[in-house]
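For reference, the structure is listed below as structure tokens.
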Amino acid sequence: MSQTVKGVIARSKGAGVELVDVVVPDPGPNDVIVRVQACGVCHTDLAYRDGGINDEYPFLLGHEAAGIVETVGERVTHVEEGDFVVLNWRAVCGECRACKRGEQQYCFATHNASQKMTLTDGTELTPALGIGAFIDKTLVHEGQCTKVDPAADPAVAGLLGCGVMAGIGAAVNTGGVSRGQSVAVIGCGGVGVAAIVGARLAGASTIVAVDVDDTKLEWAKDFGATHTVNSKGTDPVAAIQELTGGFGADVVIDAVGRPETYEQAFYARDLAGTVVLVGVPTPEMRLELPLLDFFGRGGSLKSSWYGDCLPERDFPMLVDLHLQGRLPLEKFVSERIGIDAVEQAFDAMKAGSVLRSVVTL
Ligand SMILES: NC(=O)c1ccc[n+]([C@@H]2O[C@H](COP(=O)([O-])OP(=O)(O)OC[C@H]3O[C@@H](n4cnc5c(N)ncnc54)[C@H](O)[C@@H]3O)[C@@H](O)[C@H]2O)c1
Ligand SMILES: [Zn+2]
Ligand SMILES: [Zn+2]
């Protein structure tokens, strides 16, 4: 028996979001219904609303969520009813060419629910990042559920499902930041600040935060940046070099994803250093640089998809560190809002007045 619950959709390009009735089918053999307790509002939800990801409207938005497993399909073994889980968009398949060569963090064929949730007239919804969690109950594949310690606040734990994991992982997994290194992070929104947290966790000794907004730089400092640079008035490349003995940082993370920030990251790193691109560019963006500089500066230029995370390895570990007081994830939650306030949360995001708004249900 399917059930009808309230969910937030984007019906068409240029329109705001709507809270509507959504039909959640019974779980297929490997599917699970999760009662959503909290879901963060991520930049990617806004990109879906505006048609920046694809044109497969209507979208069921929300993908940074935690909740309780309510019903499981007949072949589900990975979780049980009552488990507290964080939802992930990397349910590793084990079969694709990335998985077969042991690089599950790149899995090219992650699992999703076997059926689509729909509107009451039967129109299929495209769930954001294969999840769709601004809704009372959502249908996902069992592999999209990662069990974590239920002592954690759902509003906090859910953030690991996307932006916070992407940022921490950009530093720790993709950038491979280690003890004593110097790190610079360009763009200090939720993802960039999480990269600062990751760099600190890994033992970086110098952490330079760069943004164009002084409020973000204050927050960055609070999360562990050792130095801040407002790149509106100061050349960030020169500033980062000066703060690192004249050389540049070992790892520079671009958490904005624009040609000018990437160029800054490219030149602000030391010889043989690493650039990590975790911010997502738009299709029209272009970059032109002397090819000789790619050779002459050496090192590695990497992109970070979802912080190269493995949810089953990383989510429980990060929740445990948080519960031990070693990872201040609670500070990412700027406000808790109702499910009818997603549009206002997008405005707050655009105005730069929040790190994360979290819908609680
Ligand atoms: N790679 C992934 O898997 C992944 C996952 C989640 C989000 N993202 C992407 O990460 C990016 C950041 O997300 P967020 O949630 O932190 O966004 P956000 O809007 O909260 O933060 C962006 C920050 O960049 C700053 N900024 C803007 N232009 C700048 C410039 N020219 N120089 C310096 N700083 C500048 C803003 O002031 C803001 O603080 C987005 O592109 C998002 O789509 C990537
Ligand atoms: Zn795979
Ligand atoms: Zn996201």
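The values are calculated or read from the model by the stated rules, or taken from the named source; none is laboratory data. On a predicted model such as this, the values are computed, not experimentally measured, just so you know. A quick note on method: Cβ atoms are made from the backbone with ideal geometry, for glycine too, and the neighbour counts reach across all protein chains shown.
Here segment 283-310 is the region considered, the condition is being part of a loop (DSSP other than H, G, I, E, B) and within 16 Å of ligand 3 (Cβ to nearest atom), and the residue that is farthest from Pro236 (Cα to Cα) is Cys309. In the set (1) among the charged types (D, E, K, R); (2) under 17 Å from the mean Cα position of the chain (by Cα); (3) within 13 Å of ligand 1 (Cβ to nearest atom), Arg313 fails one condition alone, (3). For residues that are within 15 Å of ligand 1 (Cβ to nearest atom) and of a type outside the set (Asp, Glu), scanning just segment 61-85, find the one that is surrounded by the fewest Cβ atoms within 10 Å (Cβ to Cβ). Residue satisfying both the conditions and the ranking: His63. The single residue among Gly198, Gly203, Gly180 that is crowded, with 19+ Cβ neighbours inside 10 Å and either in contact (Cβ under 8 Å) with a residue 12 or more places away in the chain or on the phi > 0 side of the Ramachandran plot (or both) turns out to be Gly198. Within segment 118-159, the set of residues being of a type in the set (A, V, I, L, M, F, W, C), surrounded by fewer than 19 Cβ atoms within 10 Å (Cβ to Cβ) and in a strand (DSSP E or B) comprises Leu119 only.
When we screen Ala91, Ala98, Ala109 for residues that are within 16 Å of ligand 2 (Cβ to nearest atom) and part of a helix (DSSP H, G or I), the only hit is Ala98.
When we screen Asp214, Asp136 for residues that are over 23 Å from Leu321 (Cα atoms), more than 16 Å from ligand 2 (Cβ to nearest atom) and not assigned by TED's automatic domain parsing to the domain that holds Val34, the only hit is Asp214.
Quick one: which of Ser357, Ser303 is surrounded by fewer than 17 Cβ atoms within 10 Å (Cβ to Cβ) and among the hydroxyl-bearing types (Ser, Thr, Tyr)? I'd like the intermediate steps shown before the answer.
Values: Ser357 fails: surrounded by fewer than 17 Cβ atoms within 10 Å (Cβ to Cβ).
Matching residue, one of Ser357, Ser303: Ser303.
Quick check: is even one residue across segment 97-106 under 17 Å from the mean Cα position of the chain (by Cα), within 16 Å of ligand 3 (Cβ to nearest atom) and not assigned by TED's automatic domain parsing to the domain that holds Asn173? Within segment 97-106, none of the residues are under 17 Å from the mean Cα position of the chain (by Cα), within 16 Å of ligand 3 (Cβ to nearest atom) and not assigned by TED's automatic domain parsing to the domain that holds Asn173.
The set of residues in segment 117-133 being under 20 Å from Ile68 (Cα atoms) and either away from ligand 2 (no atom under 16 Å from the Cβ) or of a type in the set (A, V, I, L, M, F, W, C) (or both) consists of Met117, Pro127, Ala128, Leu129, Ile131, Gly132, Ala133.
Within segment 328-354, residues that are not assigned by TED's automatic domain parsing to the domain that holds Asp211 and at pLDDT 95 or above reach partners that are away from ligand 3 (no atom under 16 Å from the Cβ) and of a type in the set (Gly, Ala, Ser) with beta carbons closer than 7 Å, at six or more positions or on different chains, in the pairs Glu343/Gly16.
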